[in-house]
Amino acid sequence: MQPLFETHLTGIQPIVRGKVRDIYDAGEFLVFVATDRLSAFDYVLQSPIPDKGRVLTQLTIFWLDLLRDVVPNHFVSADVNDYPAAFRPFRDQLEGRSMLVRKAKMIEVECVARGYVAGSGWKDYRRDGSICGIPLPPGLRESERLPQPLFTPATKAQSGQSR
């Protein structure tokens, strides 16, 4: 199967093409489609990874389902049969990589798994020897592998084209 770099749903325009997701208005809901685009340091690279969007979607559904009794979330369905009729002809692009979700106000926070001292982490490290307040050994070089991976918060970058 060819990687899906961008969705093309004839007659339905995305309201946003983000770094990885194409988002469509579906009346009272939204349809999120995780493409196979690869984003690094808030840039979309031109080499997609086949099925990346499917894996990302399935991971998201797993966690939203597992935690739904802990905190309410926006997930409605990943079954294309539950989507508004206009989306169903595009099953080949949507199946396994999309979700019907409730409209909600986004909290502009994301998590970053860091394995190397790079990007904003390098800036933090040069300034105070830590990344997001996590102290690191002195003498690390830019892009050097970290002694252990870090899981850090970040502000959600709003790159991608709004439509």
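The values are calculated or read from the model by the stated rules, or taken from the named source; none is laboratory data. Bear in mind that the values here come from a model prediction, so they are computed numbers and not experimental data. Heads up, the Cβs are rebuilt from the backbone with ideal geometry, glycines too, and the neighbour counts pull from every protein chain shown. The accessibility values were calculated without ligands, DNA or RNA, using every heavy atom of the protein model including side chains. Shrake-Rupley method; radii C 1.70, N 1.55, O 1.52, S 1.80 Å.
Answer yes or no: is there a residue in segment 117-135 that is acidic (D, E) and touching a Lys or Arg at 6+ places or on another chain (Cβ under 9 Å). It would help to see each step written out before you state the result.
Keep residues of segment 117-135 that are acidic (D, E), which gives 124, 128.
Pick out the ones that are also touching a Lys or Arg at 6+ places or on another chain (Cβ under 9 Å) and you get none.
No; the residues of segment 117-135 include none that is acidic (D, E) and touching a Lys or Arg at 6+ places or on another chain (Cβ under 9 Å).
Among the residues of segment 13-28, write down those that are crowded, with 21+ Cβ neighbours inside 10 Å and in a loop (DSSP other than H, G, I, E, B).
P14, G18
Could you list all residues from segment 30-51 that are farther than 17 Å from V112 by Cα and either polar (S, T, N, Q) or open to solvent by 50 Å² or more (accessible area, probe 1.4 Å) (or both)?
Hits for segment 30-51 are T35, L45, Q46, S47, I49, P50, D51.
If you go through segment 69-110 one residue at a time, how many are at pLDDT below 95 and within 23 Å of F5 (Cα to Cα)?
1
State the number of residues belonging to segment 52-66 that are over 20 Å from P3 (Cβ atoms), surrounded by 14 or more Cβ atoms within 10 Å (Cβ to Cβ) and not β-branched (V, I, T). Don't jump to the end; show me each part of the working.
Residues of segment 52-66 that are over 20 Å from P3 (Cβ atoms), as a first pass: 61-66.
Those left that are additionally surrounded by 14 or more Cβ atoms within 10 Å (Cβ to Cβ): 61, 64.
Remaining after also requiring not β-branched (V, I, T): 64.
Qualifying residue count for the region: 1.
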